[in-house]
1. With respect to the cross-link table entries Lys119/Lys177; Lys77/Lys201; Lys79/Lys210; Lys172/Lys201; Lys79/Lys177; Lys79/Lys201, which display a Cα-Cα separation exceeding 22 Å?
2. Per-residue counts of other Cβ atoms within 10 Å, averaged by peptide: what ranking do you get for 135-146, 118-129, highest first?
3. Of all beta bridges DSSP finds with both residues in segment 49-194, what is the antiparallel percent, to the nearest 5?
4. With label points built 7 Å along Cα→Cβ from the Cα atoms of Tyr205 and Ser101, find their separation and express it in nm.
5. Assuming R0 = 22 Å, what is the FRET efficiency of Thr162 and Glu111, from their Cβ-Cβ distance, to the nearest 0.05?
6. Using the alpha carbon gyration tensor of segment 43-205, what are the three equivalent-ellipsoid semi-axes (square root of 5 times each eigenvalue), largest first, in whole Å?
7. Please report the net charge: other residues with Cβ closer than 14 Å to the Cβ of Val188, K and R +1, D and E -1.
8. Among 98-108, 183-193, 157-167, what's the highest-first ranking by average C-beta atoms within 10 angstrom per residue?
Amino acid sequence: MVGAGMSSLTRDVRWVGVLLLALMTGCAKEAPAPAPVTPPESVQPAFPMTVYAPGEEVLATEVIPAPGGEVVLPTAKDKTLLYEQYTYAPVRRAGDFLFLSGVVAGPAPGEDTDVEAFKGQLRRTWQIIDRNLTAAGASLADIVEIESYHVFGSSSFSGDATAHLTAMIEVKSEFVKPPYPAWTVIGVTTLAEQGALVEIKVTAYAPRPKD
């Protein structure tokens with residue numbers, strides 16, 4: 001009787017093991033693959049590449065009084081896109097200093113990604129900075145500090161980091177002459193504008209004319 005009981009218990013345990021194995025195998029087969037995670041659209045870069053094509057700008061400098069100075073809006077596009085839609089000033093005066101928001105450089109749709117094309121994109125950016133300073137009654141010679149943010153290894157540029165920085169130095173030297181301002185170069189993984197390679201912001205010392 002004991003032997004028969006042990007045999008029956010062994011058989012029951014074996015069947016339980018087979019049943020558990022079948023359940024586990026079935027669960028593994030039936031478990032659906034995890035769905036790919038798609039970031040919500042709201043976290044994607046929201047800024048379109050702000051490219052000012054020749055003849056596109058509508059020059060209509062507007063000055064808005066602000067504590068300690070004023071906001072300067074060099075063009076109608078700056079007012080509608082930057083100031084009203086994205087809620088920031090392209091140029092803000094505080095006392096004798098002018099603070100310019102960053103301006104990006106990168107290929108517009110259809111533009112090449114080689115070194116010479118990148119230089120052209122940088123020139124476009126420095127021309128915008130020059131225009132913004134002029135609208136505020138200053139010039140490139142009044143710049144006292146430059147900060148530039150660089151995306152190295154981007155598909156928007158076919159060169160390496162050395163070619164990237166060399167192009168930046170060459171083009172900057174076309175616009176900014178001695179005595180040179182302070183300059184801080186910062187490497188980043190991405191910028192707010194899709195495809196942007198560089199963002200340049202400057203501070204200028206431009207005392208107000210004395211009455």
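Where a number appears in this text, it was derived from the coordinates with a stated rule and is not lab data. None of these values were measured; they are calculated from a predicted model. Every residue, glycine among them, receives a Cβ derived from its backbone with ideal geometry; neighbour counts consider all protein chains shown.
1. Details: Lys119/Lys177 18 Å; Lys77/Lys201 19 Å; Lys79/Lys210 28 Å; Lys172/Lys201 13 Å; Lys79/Lys177 30 Å; Lys79/Lys201 18 Å.
Check vs 22 Å cut-off fails for Lys79/Lys210; Lys79/Lys177.
2. Numbers: 135-146: 17.7, 118-129: 20.3.
For the peptides 135-146, 118-129, the packing ranking is 118-129, 135-146.
3. Values: 14 of 21 bridges.
If I count the DSSP bridges inside segment 49-194, around 65 percent turn out antiparallel.
4. 2.7
5. Numbers: r = 22 Å, r/R0 = 0.98.
Efficiency, rounded to the nearest 0.05: 0.55.
6. Details: eigenvalues 128, 71, 40 Å².
Value: 25, 19, 14 Å, ordered largest first.
7. Numbers: positive: Lys201; negative: Glu147, Glu193, Glu199.
In short, -2.
8. On the way: 98-108: 21.0, 183-193: 13.0, 157-167: 15.9.
Highest-to-lowest ranking by the protection proxy: 98-108, 157-167, 183-193.
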